[in-house]
Amino acid sequence: MCAEQISIFIENKEGRLAEVTAILRDADVNIRALSLADTTDFGVLRLIVNNNDRAEKALKKEGFTVGITQVLAVEVKDEPGGLNDILDPLSENEVNVEYMYAFANPQCKNAIMIFRFDDHDKALKILAEKKIKVISKQEICNL
(Lines give C-alpha, C1' and ligand atoms only; values in the text may rest on other atoms or scores of the structure.)
Protein backbone atom coordinates (compact mmCIF):
# COMPACT_ATOMS: atom_id res chain seq x y z
CA MET A 1 0.00 0.00 0.00
CA CYS A 2 2.79 2.42 -0.82
CA ALA A 3 2.84 5.46 -2.97
CA GLU A 4 5.88 6.52 -4.93
CA GLN A 5 7.36 9.96 -4.74
CA ILE A 6 9.78 11.48 -7.20
CA SER A 7 12.59 13.54 -5.69
CA ILE A 8 14.43 15.97 -7.95
CA PHE A 9 17.59 17.79 -6.97
CA ILE A 10 17.57 21.30 -8.42
CA GLU A 11 19.80 24.33 -8.18
CA ASN A 12 18.37 27.11 -6.06
CA LYS A 13 18.28 29.71 -8.80
CA GLU A 14 15.71 31.62 -10.78
CA GLY A 15 13.82 29.60 -13.36
CA ARG A 16 14.86 26.08 -12.35
CA LEU A 17 11.49 25.19 -10.80
CA ALA A 18 9.68 26.46 -13.89
CA GLU A 19 12.03 24.37 -16.03
CA VAL A 20 11.09 21.21 -14.11
CA THR A 21 7.37 21.89 -14.32
CA ALA A 22 7.65 22.66 -18.06
CA ILE A 23 9.41 19.33 -18.64
CA LEU A 24 6.61 17.54 -16.81
CA ARG A 25 3.95 19.50 -18.68
CA ASP A 26 5.54 18.63 -22.03
CA ALA A 27 5.68 14.95 -20.98
CA ASP A 28 1.95 15.11 -20.13
CA VAL A 29 2.62 14.43 -16.43
CA ASN A 30 0.20 15.86 -13.89
CA ILE A 31 1.52 16.95 -10.49
CA ARG A 32 -0.77 15.80 -7.66
CA ALA A 33 1.24 17.06 -4.68
CA LEU A 34 4.60 18.69 -4.07
CA SER A 35 6.99 19.88 -1.45
CA LEU A 36 10.10 21.99 -1.96
CA ALA A 37 12.85 22.15 0.64
CA ASP A 38 15.82 24.36 -0.08
CA THR A 39 19.23 25.36 1.10
CA THR A 40 21.37 28.21 -0.18
CA ASP A 41 22.62 26.31 -3.23
CA PHE A 42 20.11 23.58 -4.06
CA GLY A 43 16.65 22.26 -3.32
CA VAL A 44 14.86 18.96 -3.18
CA LEU A 45 11.56 18.97 -5.01
CA ARG A 46 9.35 16.08 -3.93
CA LEU A 47 6.43 15.23 -6.19
CA ILE A 48 3.51 12.88 -6.37
CA VAL A 49 2.59 12.61 -10.06
CA ASN A 50 0.19 10.60 -12.16
CA ASN A 51 2.94 8.81 -14.13
CA ASN A 52 6.29 8.26 -12.39
CA ASP A 53 7.92 6.41 -15.29
CA ARG A 54 7.19 9.16 -17.80
CA ALA A 55 8.24 11.88 -15.34
CA GLU A 56 11.50 10.16 -14.41
CA LYS A 57 12.43 9.50 -18.04
CA ALA A 58 11.69 13.09 -19.15
CA LEU A 59 13.59 14.66 -16.24
CA LYS A 60 16.64 12.40 -16.59
CA LYS A 61 16.72 13.12 -20.32
CA GLU A 62 17.11 16.80 -19.42
CA GLY A 63 19.96 16.07 -16.98
CA PHE A 64 18.15 16.19 -13.65
CA THR A 65 19.04 13.85 -10.81
CA VAL A 66 15.88 11.95 -9.94
CA GLY A 67 15.12 9.46 -7.17
CA ILE A 68 12.06 7.37 -6.38
CA THR A 69 11.05 7.02 -2.72
CA GLN A 70 8.35 4.91 -1.10
CA VAL A 71 5.97 7.07 0.95
CA LEU A 72 2.55 6.60 2.49
CA ALA A 73 -0.45 8.64 1.40
CA VAL A 74 -2.81 8.70 4.36
CA GLU A 75 -6.38 9.96 4.56
CA VAL A 76 -6.69 12.43 7.43
CA LYS A 77 -10.01 13.59 8.85
CA ASP A 78 -10.55 17.23 7.95
CA GLU A 79 -11.43 18.31 11.47
CA PRO A 80 -9.63 19.55 14.58
CA GLY A 81 -7.42 16.73 15.86
CA GLY A 82 -7.57 14.77 12.61
CA LEU A 83 -3.81 14.87 12.14
CA ASN A 84 -3.25 13.89 15.77
CA ASP A 85 -5.33 10.75 15.19
CA ILE A 86 -2.49 9.73 12.85
CA LEU A 87 0.50 11.14 14.72
CA ASP A 88 -0.34 10.10 18.28
CA PRO A 89 -0.28 6.29 17.79
CA LEU A 90 2.87 6.58 15.69
CA SER A 91 4.60 8.68 18.34
CA GLU A 92 3.48 6.27 21.08
CA ASN A 93 5.16 3.47 19.11
CA GLU A 94 8.34 5.49 18.47
CA VAL A 95 7.83 5.95 14.74
CA ASN A 96 9.36 9.20 13.54
CA VAL A 97 7.97 11.35 10.74
CA GLU A 98 10.92 12.34 8.57
CA TYR A 99 8.77 14.72 6.53
CA MET A 100 5.20 15.24 5.38
CA TYR A 101 3.18 17.42 3.06
CA ALA A 102 -0.42 17.82 1.93
CA PHE A 103 -2.12 16.37 -1.13
CA ALA A 104 -5.02 18.17 -2.81
CA ASN A 105 -7.99 15.88 -3.38
CA PRO A 106 -11.22 17.47 -4.57
CA GLN A 107 -12.94 14.04 -4.69
CA CYS A 108 -12.72 13.46 -0.95
CA LYS A 109 -13.97 15.46 2.02
CA ASN A 110 -10.91 14.44 4.02
CA ALA A 111 -7.36 15.64 3.56
CA ILE A 112 -4.59 13.41 2.27
CA MET A 113 -1.11 13.73 3.71
CA ILE A 114 2.08 12.27 2.28
CA PHE A 115 4.38 10.84 4.97
CA ARG A 116 7.93 9.56 4.97
CA PHE A 117 8.59 7.57 8.15
CA ASP A 118 11.81 6.25 9.61
CA ASP A 119 10.19 2.79 9.90
CA HIS A 120 7.84 2.42 6.95
CA ASP A 121 6.64 -1.11 7.76
CA LYS A 122 5.97 -0.35 11.41
CA ALA A 123 4.03 2.78 10.48
CA LEU A 124 1.94 0.83 7.98
CA LYS A 125 1.12 -1.81 10.61
CA ILE A 126 0.08 0.82 13.19
CA LEU A 127 -2.11 2.65 10.68
CA ALA A 128 -3.81 -0.62 9.72
CA GLU A 129 -4.42 -1.48 13.40
CA LYS A 130 -6.03 1.95 13.88
CA LYS A 131 -8.11 1.46 10.70
CA ILE A 132 -6.60 4.57 9.14
CA LYS A 133 -6.93 4.57 5.36
CA VAL A 134 -3.70 4.46 3.36
CA ILE A 135 -4.15 5.45 -0.28
CA SER A 136 -2.57 3.11 -2.85
CA LYS A 137 -0.40 4.17 -5.77
CA GLN A 138 -3.22 3.23 -8.16
CA GLU A 139 -5.79 5.27 -6.24
CA ILE A 140 -3.51 8.31 -6.41
CA CYS A 141 -3.14 7.93 -10.18
CA ASN A 142 -6.94 7.80 -10.51
CA LEU A 143 -7.57 11.02 -8.57
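Assuming charge only on the beta carbon of Lys and Arg (+1) and of Asp and Glu (-1), the dipole of segment 73-133 about its Cα centre is about 300 debye to the nearest 20.
Need one value: the accessible area of residue 16 in square angstrom, 1.4 angstrom probe, rounded to the nearest 10. Surface accessible to solvent at residue 16 totals approximately 50 Å². With a 1.4 Å probe and all protein chains left in place, how much of the accessible area of segment 58-143 comes from carbon and sulfur atoms, in whole percent? Heavy-atom surface of segment 58-143 belonging to carbon and sulfur, 1.4 Å probe: 45 percent.
Counting charges near residue 139 (Lys, Arg +1; Asp, Glu -1) among other residues having Cβ under 13 Å from its Cβ returns a value of +1.
What is the local net charge at residue 19, summed over the other residues whose Cβ is closer than 12 Å to its Cβ (Lys, Arg +1; Asp, Glu -1)? Within the 12 Å Cβ shell, the charges total -1.
Accessible surface area normalised per residue over segment 26-72 is 55 Å², counting heavy atoms of protein chains with a 1.4 Å rolling probe.
Within the listed set 34, 17, 72, the Gaussian network model of the chain (springs between alpha-carbon atoms below 10 Å) gives the highest mean-square fluctuation for 17.
Annotation for segment 57-115 versus segment 1-15: alpha-carbon center distance of 14 Å. Relative contact order, whole percent, for segment 58-118 stands at 39, derived from Cα pairs under 8 Å and 6 or more residues apart. Contact order, relative form, for segment 1-106: 35 percent (alpha carbon pairs under 8 Å, 6 or more residues apart, mean separation divided by residue count). Just to verify a number: FRET efficiency for residue 69 and residue 91, C-beta to C-beta distance, R0 = 22 Å, to 0.05? For R0 = 22 Å, the calculated efficiency reads 0.50. Multiplying the residue separation of residue 22 and residue 121 by 0.36 nm and subtracting their alpha-carbon distance yields 32.1 nm. Find out how many positive minus negative residues lie around residue 116, taking Lys and Arg as positive, Asp and Glu as negative, among other residues whose Cβ is under 14 Å from that of residue 116. Summing Lys/Arg as +1 and Asp/Glu as -1 gives -3.
The magnitude of the dipole of the chain, with charges of +1 and -1 set on the Cβ of Lys/Arg and Asp/Glu and taken from the Cα centre, is near 440 debye. Surface exposure of segment 73-133, expressed per residue as accessible area with a 1.4 Å probe, stands at 61 Å².
The values are calculated or read from the model by the stated rules, or taken from the named source; none is laboratory data. This structure is a prediction, so every number in the text was calculated from the model and none was measured. Note that each Cβ is placed from the backbone with ideal geometry, even for glycine, and that neighbours are counted across all protein chains shown. The area values use the complete protein model at the heavy-atom level, side chains included, leaving out ligands, DNA and RNA. Shrake-Rupley method; radii C 1.70, N 1.55, O 1.52, S 1.80 Å.
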